[in-house]
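Undergrad: Below: one structure in structure tokens.
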Amino acid sequence: MALALLGALAACQKNDASAGQVAGKLDDAAQVAGQKLDQAASYVGQQVDATRATAEQNLSSAASTPSVQIDPAALASSAQANLQNAASATSAAIDHAASMTGEGLQTAGHKLQQWSNQSTAASSSASASTSTSTAPDSTDAQKQMDK
């Protein structure tokens, strides 16, 4: 029986030694994993800091420099060119309107002259026929005067 007890005791010591080795290896692996996590956290922190610094620099430069620059000479030159173009277009439109009005007045004048000539001719012919027809018939004229 002593031998069995001694064998059991030896087996327990052997298991204790291997359990200690496993615990040591687990502890080593945990330390390595912790170091890797620390390195990753440090890298992420550096990237966040760099991004923050860049964003702050961009905001500072945007706030200090106006984004729109106005050159008064260029603005005046552009306005003058626009006014000249508008004046030229207006002048062309007035010239066109005057030309059209002149053509219309000329046509109206010709028609008025034609009407006047026709009216004068008709009046002359009616006057000539009336004077020849009334001359022989003096009794009609006498009757008219008696009334």
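Undergrad: Taking the condition modelled with pLDDT under 85, surrounded by 10 or more Cβ atoms within 10 Å (Cβ to Cβ) and not aliphatic (A, V, I, L, M), does Ser123 pass? Before you say what the answer is, go through the steps one by one.
TA: On the way: modelled with pLDDT under 85: yes; surrounded by 10 or more Cβ atoms within 10 Å (Cβ to Cβ): yes; not aliphatic (A, V, I, L, M): yes.
Spelling it out, Ser123 is indeed modelled with pLDDT under 85, surrounded by 10 or more Cβ atoms within 10 Å (Cβ to Cβ) and not aliphatic (A, V, I, L, M).
Undergrad: Listed residues Ala81, Ala92, Ala73; which is surrounded by 10 or more Cβ atoms within 10 Å (Cβ to Cβ), part of a helix (DSSP H, G or I) and under 29 Å from the mean Cα position of the chain (by Cα)? Please lay out each step first, then the result.
TA: On the way: Ala92 fails: under 29 Å from the mean Cα position of the chain (by Cα); Ala73 fails: surrounded by 10 or more Cβ atoms within 10 Å (Cβ to Cβ).
Testing whether each residue is surrounded by 10 or more Cβ atoms within 10 Å (Cβ to Cβ), part of a helix (DSSP H, G or I) and under 29 Å from the mean Cα position of the chain (by Cα) leaves just Ala81.
The values are calculated or read from the model by the stated rules, or taken from the named source; none is laboratory data. Here the structure is a predicted model, which means the values were calculated and not measured. Positions of Cβ are generated from backbone atoms using ideal geometry, with glycine treated the same way; all protein chains shown enter the neighbour counts.
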